[in-house]
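Take a look at the structure set out below.
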Amino acid sequence: MAKVLMKGNEAIGEAAIRAGCIHFFGYPITPQSEVPEYLSRRLPEVGGLYLQAESEVAASNMIYGAAGVGVRVLTTSSSPGVSLMAEGLSYIAACELPCVLVNIMRAGPGLGGILPAQGDYLQATKGTAHGDFNLIVLAPSSVQEAVDLMLVAFELAEKYRNPVILIGDGMIGQMMEPVEFPEVKVGKPLGPTDYALTGCKGRERRIVNSLYLDAQKLNDHNEKLKAKFELITENEQRWEYYNTEEPFDVLLTGFGMMARICKTAVDVLKGEGINIGLFRPITAKPFPYKPLRELIDRSKRVLCVEMNMGQMLLDVQFAAEGTVPIDFYGKAGGIIPSVEDVVEQLRAAIAKAGGSRSGK
Amino acid sequence: MPKIQVMVERCKGCERCNDACPQEIMKMSSDLNAKGYKFASAVDQSRCLGCRMCAIACPEVALEVYIEGTQYEFFAY
Amino acid sequence: MKKIFSYTDGLTKKTTHYCPGCTHGVIHRMVGEVIEELGLRETTVGVAPVGCSVLAYEYFNCDMFEASHGRAPAVATGAKRCRPNLTVFTYQGDGDLASIGMAEIVHAANRGEKFTTIFVNNAIYGMTGGQMAPTTMPNQRATTCPMGRDVEQVGHPIKVAELLSSLTTPAYVARVSSHTPEETVKAKAAIKQAFQYQKEGRCYTFVEVLSICPTNWGLSPRESNIWLEKEMMPYYPLGVLKRPEDFEGETDGGN
């Protein structure tokens, strides 16, 4: 398959189609509007449906309706819009329906700004909405990875009948990169399912519902959802080690585009003979705590770099359990820490860690 | 002669059938159903016209109407 | 003996949780009868709201969704757009539809979504215990307007049928009532017409059904009927406000 130069938002839309998703409900919001724009042109070409909702609240309930009648469905939005979709996600997760949501994050809080940021990490991984439920959260660090993870997202959503959210940031949405698309299931809608509301011809009628007035039944449902997520945690963790073959004193952690910038910083210091290990989660949930802890146990100090005020930091601290000092460097509002910024922070961390293990 | 069949356990004694019946033959009995409601009952089937107004007014779908011979359909429902 | 009025297969056998005399039951029965009579039961997906009829998924004998408060029209949009062969309806109360769900109903109607909405207007929030609704009448007492609805403070009740019929796209908008057998017969005809239009894939169909709420109005079923006629019907006139046939040539109601 030939590489094509494509804007992240459009690549994400095309990737959904390649994953067999030809139903989209969404709403315009910078910096992700190119996804609905692209799909409003592209989906009719593959016999699909593009519908612009009147709000993100409506969009989240439209995908609830679509998922409930057993079709593969996508919605995309950006930070404030995802906040409006929160209630819908709680219902979809409670009803155990598959759907994919993409959050091209922008600077917050409030109206915030339209520049890239990572301020929705905790919203996605910890506190999306009311009740005990879990999203599967994927964090791509390039347009190509976003494309690849879109296919993974639909696969996991259906395998576990659970919403999956892909958290990119303004950069991933707006920048153009060469991308390769798999020739997978173009436009193949979901096959018949055993839970979907397709009309009760020839079977018992079905109900898609999250109301349980009986406390025991609702508790049992909560425990079922919890057990399901433990299974997901066991099977679906994804992460990346970078430059961790050699010993290192300082471990650098980050996710998404920030982790990619950190890789360059690691390369810069490697050029100077200083070895820095890098860890990035690809599944921000289920978070790969054990793989991170293995690197933490080999390091003297950890530096966590994010485009927010410290959110994945909590997971890093959780993994470390106080066994190592952890520095944090973060910018918000749309400021993107540069390679030089990260290198400078690394040098400070190395100094505090008492010189690097490789003797420099 | 038409016959009103009351599904006793569905009735909540709201008396809407009584208000609806042009012959005023639907009365609440003094007996109680399992839920403790005085359920409806047709006190004089012989005066029943088979017009179905009681069943149409009933919110609990507790009434079924039977007739013998020709049915005078006063209205289509 | 010939049975001339029987239990509809459109409803399950479950007895309802509604208060004695509440005409939600009558409206449920009409919708169930219509779905059965038009042979739609096996392709129907209903969307229950949050409100007194939150448990409607226990009563309609077809596939059912439980939607979040006010969002049934959006859920129905998703369902109908993705499986157009389904017969889809939303069954909503006045708090659900005219308050929190106003944007959803207006836009679903304006897009001409090919589903049917049954809007039960009983001028009160029932399930939560009798609070003021967008359709509560001026000076009508409710638990959140104990001195009576003060239009100076909260404005006048909303006439949803008129509101939606002012939009170009929705092509069938009717208001009926369920408080007397006579009005119920007319109501069923309107509901049947709505589902018939949907069966033909013709247009968005909306039926507002006035309904009594003895418990929260603090009246007996009989007194409630009188109150509905005296207070509500003058303000919410019954009738078919829009039919696709009225403007065949022009927009014909829908996409």
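Some values worked out for this structure:
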read-out	value
Tally of residues being in contact with a helix residue (DSSP H, G or I) (Cβ under 7 Å, 6 or more places away or on another chain), closer than 17 Å to C:Ile226 by Cα and open to solvent by 20 Å² or more (accessible area, probe 1.4 Å) across the stretch B:7-22	3
Scope the stretch B:30-42; condition farther than 17 Å from C:His17 by Cα and surrounded by fewer than 16 Cβ atoms within 10 Å (Cβ to Cβ); matching residues	B:Ser30, B:Asp31, B:Leu32
Check on B:Tyr37, more than 9 Å from chain C (Cβ to nearest Cβ), aromatic (Phe, Trp, Tyr) and touching a residue at least 12 places away in the same chain (Cβ under 8 Å)	no
Inter-residue pairs, beta-carbon under 6 Å, first under 20 Å from C:Ala98 (Cα atoms) and in the stretch C:71-83, second of a type in the set (D, E, K, R) and not in a loop (DSSP other than H, G, I, E, B), 6+ apart	C:Arg71/C:Glu104; C:Pro73/C:Glu104; C:Ala74/C:Glu104
In the stretch B:1-34, residue nearest to the chain's Cα centre (by Cα) [restricted to those that are at positive phi and facing chain C (nearest Cβ under 8 Å)]	B:Glu15
Qualifying residue in the stretch C:49-67 (condition: assigned to a helix (DSSP H, G or I) and over 30 Å from C:Asn225 (Cβ atoms))	no
Inter-residue pairs, beta-carbon under 7 Å, first facing another protein chain (nearest Cβ under 9 Å) and under 17 Å from C:Cys19 (Cα atoms) and in the stretch C:52-63, second hydrophobic (A, V, I, L, M, F, W, C) and open to solvent by less than 20 Å² (accessible area, probe 1.4 Å), 6+ apart	C:Val54/C:Ala48
Meets criteria (over 20 Å from C:Val88 (Cβ atoms), surrounded by fewer than 23 Cβ atoms within 10 Å (Cβ to Cβ), within 14 Å of chain B (Cβ to nearest Cβ) and touching a residue at least 60 places away in the same chain (Cβ under 8 Å)) for C:Ser220	yes
Qualifying residue in the stretch C:19-28 (condition: open to solvent by less than 10 Å² (accessible area, probe 1.4 Å), assigned to a loop (DSSP other than H, G, I, E, B), facing another protein chain (nearest Cβ under 8 Å) and at positive phi)	yes
Flag if A:Cys99 is open to solvent by 10 Å² or more (accessible area, probe 1.4 Å), in contact (Cβ under 8 Å) with a residue 60 or more places away in the chain and either over 14 Å from the mean Cα position of the chain (by Cα) or more than 19 Å from A:Asp169 (Cβ to Cβ) (or both)	no
Contacts under 9 angstrom Cβ, first residue in the stretch C:29-46 being more than 13 Å from C:Thr116 (Cβ to Cβ), partner of a type in the set (Gly, Ala, Ser) and open to solvent by 10 Å² or more (accessible area, probe 1.4 Å), 6 or more apart	C:Glu42/A:Gly202
Count of the stretch A:291-310 residues which are surrounded by fewer than 24 Cβ atoms within 10 Å (Cβ to Cβ) and in contact (Cβ under 8 Å) with a residue 24 or more places away in the chain	11
Residue satisfying all of: in the stretch A:23-47; open to solvent by 10 Å² or more (accessible area, probe 1.4 Å) and touching a helix residue (DSSP H, G or I) at 6+ places or on another chain (Cβ under 7 Å); farthest from the other protein chains (Cβ to nearest Cβ) among these	A:Glu34
Criterion (part of a helix (DSSP H, G or I), touching a Ser or Thr at 6+ places or on another chain (Cβ under 9 Å) and open to solvent by less than 50 Å² (accessible area, probe 1.4 Å)) met by exactly one of B:Ile4, B:Ile56	B:Ile56
Hey, C:Ala103 closer than 25 Å to C:Met232 by Cα, assigned to a helix (DSSP H, G or I) and not hydroxyl-bearing (Ser, Thr, Tyr) or not	yes
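For (1) surrounded by fewer than 19 Cβ atoms within 10 Å (Cβ to Cβ); (2) among the charged types (D, E, K, R); (3) on the phi > 0 side of the Ramachandran plot, each residue gets a yes or a no:
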position	(1), (2), (3)
C:Arg111	no, yes, no
C:Gly129	yes, no, yes
C:Gln140	no, no, no
C:Val154	yes, no, no
C:Leu163	yes, no, no
C:Val176	no, no, no
C:Thr184	no, no, no
C:Ala187	no, no, no
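Listed here are the residues, each with its yes/no results for (1) modelled with pLDDT of 95 or more; (2) away from every other protein chain (no Cβ under 13 Å); (3) surrounded by 13 or more Cβ atoms within 10 Å (Cβ to Cβ).
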{"position": "A:Gly199", "(1), (2), (3)": "yes, no, yes"}
{"position": "A:Lys224", "(1), (2), (3)": "yes, yes, no"}
{"position": "A:Glu230", "(1), (2), (3)": "yes, yes, no"}
{"position": "A:Thr233", "(1), (2), (3)": "yes, yes, yes"}
{"position": "A:Glu236", "(1), (2), (3)": "yes, yes, yes"}
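The values are calculated or read from the model by the stated rules, or taken from the named source; none is laboratory data. From a predicted model like this one, the values you see are computed outputs, not experimental measurements. Reconstructed Cβ throughout: ideal geometry from the backbone, glycine too, with neighbour counts over all protein chains shown. SASA here: full protein model, heavy atoms, side chains in, ligands and nucleic acids out. Shrake-Rupley method; radii C 1.70, N 1.55, O 1.52, S 1.80 Å.
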